[in-house]
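A.B. asks: Shown below is the structure under consideration.
The values are calculated or read from the model by the stated rules, or taken from the named source; none is laboratory data. Source: prediction; values computed, not measured. Please note: Cβ atoms are built from the backbone with ideal geometry, for glycine as well, and neighbour counts cover all protein chains shown.
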Amino acid sequence: MIRFPVGRDGYRWIGKTNWSCFVVSLCCVVISGIGGIRVSVADHSGVVDTSGVVDTSSVVDTSARAKNKGKSLSCWDALRGLGVKAKRARAQGVTDAVEIPETLGAVTYRGYGQPKTLILDCSLALSLAIAAPYFAAQGITRVRYSSAYQRRFIRGTKRLSHHSFGLAIDLHTFSGDVLGTLTIRDDYEQGLGDVSNCLGNPLTENGLVLRKLWCQLSSSQLFRIILGPDFDADHYNHFHVEALPWSERSDRSLISERLIAGTRSNAH
Ligand SMILES: [Zn+2]
């Protein structure tokens, strides 16, 4: 049996230990309250809902999805379709640069000592917008980041970091009115979890919140990779959150179909 958490207090058993079945199980994140559009878009293979807080019911009926099968929006259209008030931008090395507002979904992003403008590749902006319910599920409404779009090499190499392409952002602190402020540096507990139980057994409430967030972001398949303190010493104080370019994403059609279907159903 695989167990995974439904909340701070316990676990629910979801099936026999058959990882392949688990990997192909579907989980839908319902995006609501973003520009008034209600559509589930994160129906990604391998998604593990590790909190039980996010509504995993699909709001798009299967016949509507079938009608739109194979249709793919541009990232820009998908982002706008979600109701994100982005602007087109220009940034060296960024394929599809967008300037995004401080708030994506219900989450406000603020940088340390950077211009207020947050420039990202559209693909990362879209993933963060879709992932907003994961943050909200943990009571997180404000995020502080350090590096977002920034032309630089990966430390100790001559290879450009994905920050150079607007495809990565470093998240340091997470705040909410009830939650208070949590930092990766002080509150993240290292060495937890394994392949069958991502969460592990955090010792503190704050550690649990951050571990849940890490597990949800990592398993959502909205991102190419999430690196944190468990990866190496360079990440002791932040989550490096990185997306694939839109053209390389296998979930383009899925996101597009759901957005198109959701928009249509809203029009009724
Ligand atoms: Zn980074």
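A.B. asks: For residue 158, are the conditions met, namely being in contact with a Ser or Thr (Cβ under 8 Å, 6 or more places away or on another chain), at pLDDT below 95, assigned to a loop (DSSP other than H, G, I, E, B) and not aliphatic (A, V, I, L, M)?
C.D. replies: no
A.B. asks: If you don't mind, there's one more thing I want to ask. Report yes if some residue within region 168-175 is in contact (Cβ under 8 Å) with a residue 12 or more places away in the chain, part of a loop (DSSP other than H, G, I, E, B) and either of a type in the set (A, V, I, L, M) or over 30 Å from residue 94 (Cα atoms) (or both); otherwise report no.
C.D. replies: Scanning region 168-175, I find no residue that is in contact (Cβ under 8 Å) with a residue 12 or more places away in the chain, part of a loop (DSSP other than H, G, I, E, B) and either of a type in the set (A, V, I, L, M) or over 30 Å from residue 94 (Cα atoms) (or both), so the answer is no.
A.B. asks: Restricting to region 237-260, and then to whatever is in contact with a helix residue (DSSP H, G or I) (Cβ under 9 Å, 6 or more places away or on another chain) and of a type in the set (S, T, N, Q), can you tell me which residue is farthest from the ligand (Cβ to nearest atom)?
C.D. replies: Per the criteria, the residue is 256.
A.B. asks: Which residues, taken from region 145-194, are within 16 Å of the ligand (Cβ to nearest atom) and exposed (fewer than 13 other Cβ atoms within 10 Å of the Cβ)?
C.D. replies: Residues satisfying the conditions are 152, 153, 155, 156, 157, 159, 185.
A.B. asks: Quick one: how many residues across region 216-230 are closer than 23 Å to residue 181 by Cα and either touching a residue at least 60 places away in the same chain (Cβ under 8 Å) or out of contact with any Lys or Arg (no Cβ under 9 Å at 6 or more places or on another chain) (or both)?
C.D. replies: Residues in region 216-230 being closer than 23 Å to residue 181 by Cα and either touching a residue at least 60 places away in the same chain (Cβ under 8 Å) or out of contact with any Lys or Arg (no Cβ under 9 Å at 6 or more places or on another chain) (or both): 7 in total.
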